[in-house]
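First comes the structure, then the notes that go with it.
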Amino acid sequence: MSGRTEREHGYARYKLDGCRCYTCGFANAAYYEARERAIMYGTWQPFTAAAPVREHLLRLRSCDMGLRRVAAVAGVDRQRLQAVLTGRPERGTPPQAKVRPALAAAVLAVEPTLDNLGGSTVIAAVGTHRRLQALVARGWPQAQLARRLGWTEANFSALLRQDHVIVRTALAVRALYEQLWDQDPRQHGVDNQAYSRATNHALARNWAPPAAWDDDTIDDPDAHFDLGAQVPRHLALAKNAEWLVEQHGYSRRHAADRLGVSKNTLDQSISRARRDQAVTS
C-alpha cells in the first residue's frame, strides 16, 4: 500500500490501496454482507445504464459546465466522467455502457445553477437587471448600490444595458439583493431627496419593486412581475397619483405627466374613484 494515499479508510481503500486496518476490513465485510443480502432478495443492482448520465453531461456542457466543474460539484473523479462521455481513447475503449448507481445519482443531481457554474461563465443578465431595478424601486440610489458592489456609477449604468453578465457578477448582485430587498433605505443613511429620486426613476421606467417578484421567477426570462390583484384603471390611476402627491410632492398635472395621461383623464379618474368610495362607505 502506498503511504502517500489520501483516500479515506473504508471499502475503497481496502480494495484499491490494500489497506488491512480494522476500519477498512470492517467496511469490506459490511459491503459483502449487504451484497449477499441484496442478491438473496433479488435487489442487487451493481450497475445502471450510462446513457442518461451521458445525456445529462452533454446538457451541462451546453450550459458551459465542463467536466472538471461537474466532477467537483458531484464529488467524483473527472476521468470517470470522461470515460462515460467519450471513453478512454488512450486505452482504445468506447464510452461506458454502464455505471455505478452512486455515480449516476451524483451526476444527475448536478444542475447548472449560479452556485454550480464557474465564476467567469457568461449568462443572461435578466435576473441581475431585475434585482438591481427592484432595489432602485425600493428607494436605493444607484450610486449607493454601485458603491456597495465596488463599482463606479458608470459601470452600474453600463451593466443595466448589457444582455449578459458573468456568474461572479450575478452572485454579487444576488447577495446584495438578499441583504437589502426588505430594508428601508432611509434607515441606512439615504436622505429623502435621494430616496424620491430613486423611486421616481424606477417608476418612470416601470421597474418592479422586490415584492412583485418571487425568488423562483425573478431569473425566468418568460416571467412577469406581479403587483397584486388587478384593479380598474381609474382606481389604479387615482391611487398612483395620490402616492405621487403625498409622498413626493407632485402637483396633479405633474402626476398626470408621470403616469402618461392627460390631467383631464386623471381628474376624471380621481372623481370616479371618490364616488366609488362614497358608495361603498
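List of remarks:
- Within segment 79-94, none of the residues are in contact with a Cys (Cβ under 8 Å, 6 or more places away or on another chain) and closer than 30 Å to Asn116 by Cα.
- In segment 196-212, the qualifying residues are those that are farther than 17 Å from Ala255 by Cβ and at pLDDT 85 or above, and the one that is surrounded by the most Cβ atoms within 10 Å (Cβ to Cβ) is Ala198.
- Looking only at residues of segment 11-52 that are touching a helix residue (DSSP H, G or I) at 6+ places or on another chain (Cβ under 7 Å), at pLDDT 75 or above and not in a helix (DSSP H, G or I), we find that the one that is nearest to Pro94 (Cα to Cα) is Ala50.
- Inter-residue pairs, beta-carbon under 9 Å, first within 9 Å of His9 (Cα to Cα) and in segment 19-43, second among the charged types (D, E, K, R) and assigned to a helix (DSSP H, G or I), 6+ apart: Cys19/Arg13; Cys21/Arg13; Thr23/Arg13; Cys24/Arg13; Cys24/Lys15; Cys24/Asp17; Ala27/Arg13
- For Leu58: the one exception among (1) buried (at least 19 other Cβ atoms within 10 Å of the Cβ); (2) of a type in the set (A, V, I, L, M, F, W, C); (3) under 29 Å from Ser120 (Cα atoms): (1)
- Filtering segment 75-96 for residues that are modelled with pLDDT under 90, within 20 Å of the chain's Cα centre (by Cα) and of a type in the set (D, E, K, R) leaves an empty set.
- Members of segment 129-155 that are β-branched (Val, Ile, Thr) and within 18 Å of His201 (Cα to Cα): Val136
- Between Gly150, Gly249, Gly189, the distinction of being among the small types (Gly, Ala, Ser), in the same structural domain as Asn264 (by TED's automatic domain parsing), surrounded by fewer than 17 Cβ atoms within 10 Å (Cβ to Cβ) and out of contact with any strand residue (DSSP E or B) (no Cβ under 8 Å at 6 or more places or on another chain) belongs to Gly249 only.
- Looking at segment 84-189, the helices (runs of 4 or more DSSP H) lying wholly inside it that each contain 1 or more residues that are within 26 Å of Phe47 (Cα to Cα) and touching a residue at least 40 places away in the same chain (Cβ under 8 Å) sit at 101-108.
- Among the residues examined, Ile123 qualifies as farther than 17 Å from Trp207 by Cα, at pLDDT below 90 and not hydroxyl-bearing (Ser, Thr, Tyr).
- Condition broken by His224, with the remaining ones in (1) surrounded by 12 or more Cβ atoms within 10 Å (Cβ to Cβ); (2) not acidic (Asp, Glu); (3) not in a helix (DSSP H, G or I) satisfied: (1)
The values are calculated or read from the model by the stated rules, or taken from the named source; none is laboratory data. Only a predicted model underlies this, so the values are computations on that prediction, with no experimental measurement involved. Heads up, the Cβs are rebuilt from the backbone with ideal geometry, glycines too, and the neighbour counts pull from every protein chain shown.
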